[in-house]
Amino acid sequence: MWFMQIVFLGLPGAGKGTQAVSITEDFDVPHIATGDMFRAAMAADSSLGQEVREYLVKGLLVPDELTIQVVRDRLQQADTKNGFLLDGFPRTEPQAIALEEMLREIGKPIMHVLYLQVPREDLLQRLTGRVVCSSCGTSYHVTLNPPTHGGICDRCGAELIVRKDDTPEAVAVRLAENFERTEALAKFYEQRGLLRTIDGTQSIGHVYDAISNALQEAQA
Ligand code: ADP
Ligand code: ADP
Ligand code: ZN
């Protein structure tokens, strides 16, 4: 039996979602992205969606208690039996501690934390040029990683849109919210011997190779 419990750590725009698409296909594990789950709840206008909307629009973190509950419920689902890739969770130390506890309960400890490191200066350009698929969520960039056919998703053909929180104002709030917390989480996982730091400024293909190598080395 093959298990793979992976966490992607990185600031907004570091490339977590982009890399998650291929890595989850390689390991056949679900891509669990709290941001995607919150946006889906908002689109469905569920009570969760109504509760989180004000935070997402402004770029603020959703309160820990609510975020932890969403992940706890998601990890109970059957498709996580061989592992999962967490993208955008944990983002705070209380979330990291809660995650350790819930994974201990289900007997699936984190195996690798891949930290996609990109300097803050690069992230503004990445985020303000980002377009995402309205259906499958795949990220593109108008100049750095353009889709093959204009405003259409290469993977599923749906329309590409600009996220409401990719404005310069909301991006600035998100980077401020996450900068110190991400550094603190990197230390937290380094102390546990789980951290693998990846140079996220390389091309998308090279970042993918670096992640694959790190995962394979750790398996060997
Ligand atoms: P990005 O792709 O820019 O890293 P995400 O899609 O991961 O952004 O997250 C979008 C928004 O969802 C965040 O700005 C925040 O409001 C909320 N969010 C996502 N993950 C978390 C989390 N772990 N804790 C609190 N809020 C979160
Ligand atoms: P995150 O999920 O960490 O917020 P994304 O995967 O959505 O980040 O990537 C943010 C933006 O940067 C997107 O527009 C994406 O196309 C672009 N991008 C991702 N990886 C790279 C890379 N290695 N080099 C240049 N641009 C990238
Ligand atoms: Zn798509």
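Some notes on this structure:
- When DSSP beta bridges are restricted to pairs lying wholly in segment 6-145, around 30% turn out antiparallel.
- The alpha carbon centroids of segment 97-115 and segment 17-39 are separated by 17 Å.
- Set of aspartates and glutamates near Lys108 by C-alpha distance (under 13 Å), chain-local residues within fewer than 8 positions excluded: Glu100
- Of all DSSP beta bridges in segment 113-220, antiparallel share, percent nearest 5: 60
- Relative contact order (percent, whole number), the chain, Cα cutoff 8 Å, 6+ residue spacing: 29
- Summing Lys and Arg as +1 and Asp and Glu as -1 over all other residues whose Cβ lies under 14 Å from the Cβ of Ala98 gives a net charge of -3.
- Positive end of the dipole of segment 58-204 (Cβ unit charges, origin at the Cα centre): among Pro168, His149, Gln69, the Cα lying farthest that way belongs to His149.
- For Thr197, the residues 5 or more places off, or on other chains, whose built amide H falls under 5 Å of its own are Tyr115.
- Comparing mean-square fluctuations of Arg74, Arg104, Arg181 from a GNM of the chain with C-alpha springs under 10 Å, the top value falls on Arg104.
- Spin-label model distance (nm) - Thr128 vs Gln77, 7 Å beyond Cα toward Cβ: 3.5
- Residue-wise HN-Hα couplings along segment 144-151, as the Karplus relation 6.51 cos²θ - 1.76 cosθ + 1.60 with θ = phi - 60° gives them from phi, are 6, 7, x, x, 5, 10, x, x Hz; Gly and Pro carry x.
- Heavy-atom accessible area for Glu169, with the other protein chains in place and a 1.4 Å probe, reaches approximately 130 Å².
- Distance (nanometres) between label positions extended 7 Å along Cα→Cβ at Lys187 and Val173: 2.7
- Segment 1-99 shape via C-alpha gyration tensor axes, a/c threshold 1.5: prolate
- Springs between Cα atoms under 10 Å define the GNM used for the chain, and in it the highest mean-square fluctuation of Ile198, Ile32, Ile97 occurs at Ile97.
- Estimated purely from DSSP H runs of n ≥ 4, each contributing -39500 (n - 2.57), the mean residue ellipticity at 222 nm for the chain is -16000 deg cm²/dmol once divided by its residues.
- Calculated SAXS-style log₁₀ I(q)/I(0) at q = 0.16, 0.19 Å⁻¹ - segment 56-166, Debye, Cα scatterers: -0.97, -1.14
The values are calculated or read from the model by the stated rules, or taken from the named source; none is laboratory data. Being a predicted model, the structure only gives us computed values, none of them experimental. Virtual Cβ from ideal backbone geometry, glycine too; neighbours counted across all protein chains shown. These accessible areas exclude ligands, DNA and RNA; they are computed on the full protein's heavy atoms, side chains included. Shrake-Rupley method; radii C 1.70, N 1.55, O 1.52, S 1.80 Å.
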